1. Only helices at least 24 Å long along their axis, Cα-based, and averaging 1.0 or more on Kyte-Doolittle count here, so list those DSSP H runs from the chain.
2. Going by average Cβ density within 10 Å per residue, which order do the peptides 9-17, 50-58 take, highest to lowest?
3. Under a plain spin-label model, where a point goes 7 Å from the Cα along Cα-to-Cβ, how far apart in nm are residue 42 and residue 66?
4. Identify the GluC sites (Glu not before Pro) of region 69-128 meeting these criteria: DSSP loop state and at most 13 other C-beta atoms within 10 Å of the C-beta.
5. With only Lys, Arg, Asp and Glu charged, each at its Cβ (+1 for the first two, -1 for the last two), find how big the charge dipole of the chain is about the Cα centre; round to the nearest 20 debye.
6. What fraction of the DSSP beta bridges in region 79-164 is antiparallel, stated in percent and rounded to the nearest 5?
7. Residue separation times 0.36 nm, minus the C-alpha to C-alpha distance between residue 90 and residue 35: what's the value?
8. Computed from these coordinates, which is Cα Rg over 2.2 N^0.38 Å: (1) 1.22; (2) 1.34; (3) 1.04?
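Just so it is clear, none of the values below were taken in a lab; they were calculated from the coordinates. Note that the structure is predicted; figures quoted are calculated from it, not measured. Using ideal geometry, Cβ is built from the backbone for each residue, glycine included, and neighbour counts are taken over all protein chains shown.
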Amino acid sequence: MKEKPIARFKLSFKRMYLVVMAWDLLGFLLIVIADAVDCGVENMHFAGTLIAILVIIIGMAVAAAALLTLVVAYFKVSVYQDRIGGHDFWGFYREQKWSETENVRPLNYLPGLKMAILHSRSNKIWLPMFLADMKRFRTLVSELASPDSALVEYLTQNEQQEIDT
C-alpha cells in the first residue's frame, strides 16, 4: 500500500482564473480593435457587435472556468515526510526526496503565474507558486526539509520578495 501524503495542495483557482481571463480579454480586445480598424468604424453594426462581444466574453469565462476546474483537480502538490510530489512539464507525476533537490529555478509561466522548477539528477518538478494555501505549504516544507535545502531557501527568498513588493 502506498504511503499517504501529509498534505496535498491544490492550485489557486481564483488566481489562475483572474490571470487567464485578463489575458483572454486583452487578446479579444486587440482582435476587436484590429477588426474595427480593418472594416472601418462606420461600417460596424454596433448593436450586433456588442451582443457578439458579450456572448464571446461569457463563453470565454465559462470555458476558462471549466478547463481550470480540471487543471485544479489534476495538478496537486503532495508533501510527504521525506519528499515532495508534483508534476513535470509533460504533466506526469514525479517525486523528489528533500535531499535530492539540487537547485530551484524560477519561471514566469504566464505573467501573474510564477512557477519554480525543482531540479534533481533524476527528474524535474514544476512547482506552482500559486497554491491555494501557500502559507501552510511554506511552513510544512520548512518543517520537513533541512534548513539548507534548495527549496527552503527558494521559498524563503520568494516570500521575502512578495513582502518587499
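1. Those that clear 24 Å and a mean of 1.0 are 13-39, 46-74.
2. Most protected by this proxy first, the peptides run 9-17, 50-58.
3. 4.2 nm
4. Filter output for region 69-128: 102.
5. Value, rounded to 20: 700 debye.
6. Counting DSSP beta bridges with both partners in region 79-164, the antiparallel share is about 100 percent.
7. 16.2 nm
8. Only one listed value fits the structure, namely (2).
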